[in-house]
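This report concerns only the one structure given below.
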Amino acid sequence: MTTGKSVQERGEWSSKVGFILAAAGSAIGLGNIWRFPYTAGEHGGAAFLFLYLICIALLGLPIMIAELALGRYRHRNAVGAFEAIKPGSAWKLVGFLGVITGICIWSFYSVIAGYTVGFIGKTLIGNTLSYEAFASNPWISIPLTAFFIFLTVIVVQGGVRNGIERWAKILMPILFLLMVVLIIRSVTMKGAGAGLVFYLKPDLTKITGKTVLAALGQAFFSLSLGMGCMITYGSYLSKKDNLITSGCFVAFFDTLIAVMAGFLIFPALFAQGMEAQRHDPGLLFKVLPQIFSQIPGGNLVGASFFLLLAIAALTSTISLLEVVTAYLVDEKHWLRRRAVWITAAVTFLLALPSAMSQEGMVPALGQLPLINMSFLGLMNWTFGNITLAIGALLTSIFFGWIWKSSISHAELSEGCPWYRPIAPVLSFLLKFFCPLTILVVLIFFLYNTIK
Ligand code: PFF
């Protein structure tokens with residue numbers, strides 16, 4: 001089944017910078033600023049940071065480049081890209097797993113994005129409602145979740161160029177500058193040093209199989225890999241674009257923001273004596289107000305920060321919905337409008353138990369039997385780590401072993417004049433290193449879980 005659509009009809013990024021910003025917009029979001037700090041906090045701080053950086057360089061970057069190439073090759077979506085290369089095979093199920101994962105991530109992500117929106121107003125007016133009271137109130141968190149899903153729908157309905165690029169271009173640099181200011185305040189708080197030690201001095205004896213899987217999952221989550229998102233975004237690239245430099249730029253900026261988020265949170269966390277809460281999903285929302293309260297004009301600065309964070313989250317949810325939409329429009333020939341609204345309705349229903357699982361709103365959902373996790377925690381662990389790792393594993397196997405290497409190399413070298421010398425390194429990573437490492441980590445985790 002082919003799409004029959006020309007590149008012009010599907011849309012293309014208006015410029016190379018436009019693509020990099022849009023892909024960086026997908027990558028940079030709550031994953032960096034909300035998820036990274038508390039996951040690092042849960043898994044030993046510096047040891048996690050160390051593993052995370054290794055995963056980005058050796059697994060994330062090659063898989064990012066592979067996904068971009070798969071998408072650009074025939075300008076197809078997450079499912080269609082596999083189908084174009086191996087028609088009629090079961091490989092398209094990898095893309096399909098990505099579509100399902102996209103919906104599931106979008107659901108719990110919107111709950112947290114909704115908190116971010118709520119915190120804009122709360123910070124601006126100096127409302128003193130605690131995070132716990134905020135997140136446990138269904139009349140606050142459910143409408144905010146719905147609002148955020150609605151916002152994403154409105155943008156995605158507009159199509160790639162109007163919607164996605166315009167946002168990313170202006171606002172990402174402002175977020176970056178604001179973070180620099182807040183970091184300066186955080187690291188100069190009295191007692192901040194203990195936070196820096198926690199974040200930067202690794203205790204490698206603390207590393208377990210679960211830590212490695214968490215770091216690997218965080219790398220994929222943060223770079224938007226393992227679910228066809230970069231395949232979809234790559235499908236809007238032209239043959240003139242250099243996939244390798246684009247991938248490197250996106251990975252670099254994404255990692256920079258995550259590392260900065262650690263410098264923002266941990267010093268202030270330890271300075272406030274709140275380190276016991278370092279693995280709490282509410283970490284960001286508990287620590288930041290402490291920083292805002294210690295700077296002049298804190299309310300305004302704080303509200304601006306949450307506004308920009310909400311926008312960063314939006315450029316990520318746009319990409320999550322775009323994966324599903326591109327599939328339904330290209331492969332199932334749905335109208336774009338129908339695709340986005342139906343997906344949004346399903347996602348909202350799926351988001352409800354996540355929203356209700358926080359801070360004791362519905363205790364049964366806050367602590368699921370046997371697994372000792374909240375519903376949101378379960379969704380986050382399953383779709384934010386496990387299925388992304390499985391997707392990335394299968395994508396690297398497909399790229400390294402199934403796609404004819406003469407064609408994949410030709411695709412990568414288009415737009416990249418200096419591809420030849422790095423080809424063997426990339427081949428080795430995608431054929432052997434990535435699949436084997438991810439497989440070992442997954443098997444090790446599975447073994448420890450059922451043991
Ligand atoms: N990378 C995004 C973040 O870090 O917030 C989340 C995400 C977006 C994950 C798109 C996966 C994806 F396909």
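What follows is calculated from the coordinates using simple rules that are stated; it is not laboratory data. Keep in mind that what you see is a predicted model, and the values were worked out from it rather than measured. Every residue, glycine among them, receives a Cβ derived from its backbone with ideal geometry; neighbour counts consider all protein chains shown.
A straight chain from Asn372 to Asn448 at 0.36 nm per residue would run longer than the Cα-Cα distance by 25.7 nm. Each peptide among 72-83, 146-157 gets the average number of other Cβ atoms lying within 10 Å of its residues, and from highest to lowest they stand as 72-83, 146-157. Quick check on the stretch 75-138: take the gyration tensor over C-alpha atoms, sort the square-rooted eigenvalues as a ≥ b ≥ c, and tell me if it's rounded (a/c under 1.5), prolate or oblate. Taking the square roots of the gyration eigenvalues as a ≥ b ≥ c, the stretch 75-138 is prolate.
Cα centroids of the stretch 60-102 and the stretch 241-282: 28 Å apart. Shape analysis of the stretch 96-235 places it in the oblate category; the axes a ≥ b ≥ c from the Cα gyration tensor give an a/c of at least 1.5, with a/b not above b/c. Screening the chain for whole DSSP H helices with an alpha carbon extent of at least 20 angstrom along the helix axis and a mean Kyte-Doolittle hydropathy of at least 1.0 yields 92-124, 138-157, 166-187, 209-223, 243-271, 298-330, 434-450. In terms of overall dimensions, the C-alpha atoms belonging to the chain reach 58, 48, 43 Å along their principal axes, ordered largest to smallest.
At q = 0.23 Å⁻¹ the log10 of I(q)/I(0) for the stretch 391-447 amounts to -0.88, computed by Debye summation with a single uniform scatterer per C-alpha, solvent ignored. Structural descriptor for the chain: relative contact order 33 percent, calculated from alpha carbon pairs under 8 angstrom and at least 6 residues apart. Taking every DSSP helix (H) stretch of at least 4 residues in the chain, weighting each as -39,500 (n - 2.57) and dividing the sum by the residue count yields a mean residue ellipticity at 222 nm of -22500 deg cm²/dmol.
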